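> Below is the structure I would like to discuss, written out as structure tokens.
The values are calculated or read from the model by the stated rules, or taken from the named source; none is laboratory data. These figures come from a predicted structure and were not determined experimentally. With ideal geometry, Cβ positions are generated from the backbone for all residues, glycine too; neighbour counts draw on all protein chains shown. Quick note on the areas: whole protein, heavy atoms, side chains included, nothing else; ligands and nucleic acids left out. Shrake-Rupley method; radii C 1.70, N 1.55, O 1.52, S 1.80 Å.
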Amino acid sequence: MATAITSILTFISTGMDYLMVLLILFHRYRTPRQRLAIICADYAGTGILVGLALVAALILRRAPDQWLLGFLGLVPLAIGCHLLTHQESMATPANRVSANHLFLTVTFITVASCGADNLGVYIPYFATRTSPELVIVLVTFAVMVAVFCLLATIITHLPAVRALLDRYGTLLAGVIYLGLGILILGKNGTALHLWHLIHH
């Protein structure tokens with residue numbers, strides 16, 4: 001029970017910012033196939049991160065330098081800049097986006113947006129777990145992915161939230177991605193590390 005509880009808290013602590021991304025995705029892509037693609041992509045992206053963390057925890061027993069992980073923040077930063085400067089490109093009806101394309105895109109976004117924070121937390125956490133505990137952790141994480149997707153779906157059906165996203169969805173998405181990228185670069189000390197390298 002204690003392992004399950006700590007797993008839930010670990011997942012929540014690293015996933016709250018990504019919940020905002022899920023809100024945008026579930027609001028914009030509403031067909032059953034698209035939403036299924038988002039859910040599958042969320043599992044795929046989370047699975048990639050968990051797999052990398054497991055390998056690092058079980059073999060390397062250490063995480064890469066935090067400032068290197070911070071470079072993952074460049075991806076959401078670029079996405080945010082693109083959305084804020086090309087809002088007219090978002091006028092294409094979302095239902096025209098294929099499920100396969102959406103799956104690949106969301107998987108990539110999941111890994112890039114969550115990679116730095118998640119790996120930095122997962123690797124030391126996994127390294128201290130026994131094999132039976134790791135099984136509990138993986139099952140708990142799988143359940144939490146479903147919970148977050150369900151929560152995002154429910155929230156996007158709230159009239160006030162739907163109206164807000166209908167009016168400012170693209171702008172909010174751009175700001176969220178931009179903020180996420182800056183947060184990842186800053187939180188992991190990447191920008192500061194590069195600053196010191198340049199001035200030495």
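> Does VAL147 fit the bill of being at pLDDT 85 or above and over 15 Å from CYS40 (Cβ atoms)?
Criteria met by VAL147.
> Of the residues that sit in segment 4-38 and are among the hydroxyl-bearing types (Ser, Thr, Tyr) and open to solvent by 20 Å² or more (accessible area, probe 1.4 Å), which one is farthest from ARG129 (Cα to Cα)?
Looking at residues that are among the hydroxyl-bearing types (Ser, Thr, Tyr) and open to solvent by 20 Å² or more (accessible area, probe 1.4 Å), I get THR31.
> Another one. So which pairs qualify, if the first residue must be in segment 166-191 and outside any helix (DSSP H, G or I), the second must be modelled with pLDDT of 75 or more, the Cβ gap must be under 8 Å, and the two must be at least 6 apart or on different chains?
ASN188/GLY120
> Considering every residue within segment 111-129, establish whether at least one is modelled with pLDDT under 90, over 12 Å from the mean Cα position of the chain (by Cα), outside any helix (DSSP H, G or I) and under 19 Å from THR3 (Cβ atoms).
yes
> In addition: If I ask for residues that are open to solvent by 70 Å² or more (accessible area, probe 1.4 Å), under 26 Å from VAL145 (Cα atoms) and either at pLDDT 90 or above or not hydrophobic (A, V, I, L, M, F, W, C) (or both), which ones from segment 39-95 would you list?
Residues satisfying the conditions are TYR43, ILE48, ARG61, ARG62, GLN66, ASN95.
> So, one more: Of the residues LEU104, LEU119, only one is surrounded by fewer than 16 Cβ atoms within 10 Å (Cβ to Cβ) and touching a residue at least 40 places away in the same chain (Cβ under 8 Å); which?
Testing whether each residue is surrounded by fewer than 16 Cβ atoms within 10 Å (Cβ to Cβ) and touching a residue at least 40 places away in the same chain (Cβ under 8 Å) leaves just LEU104.
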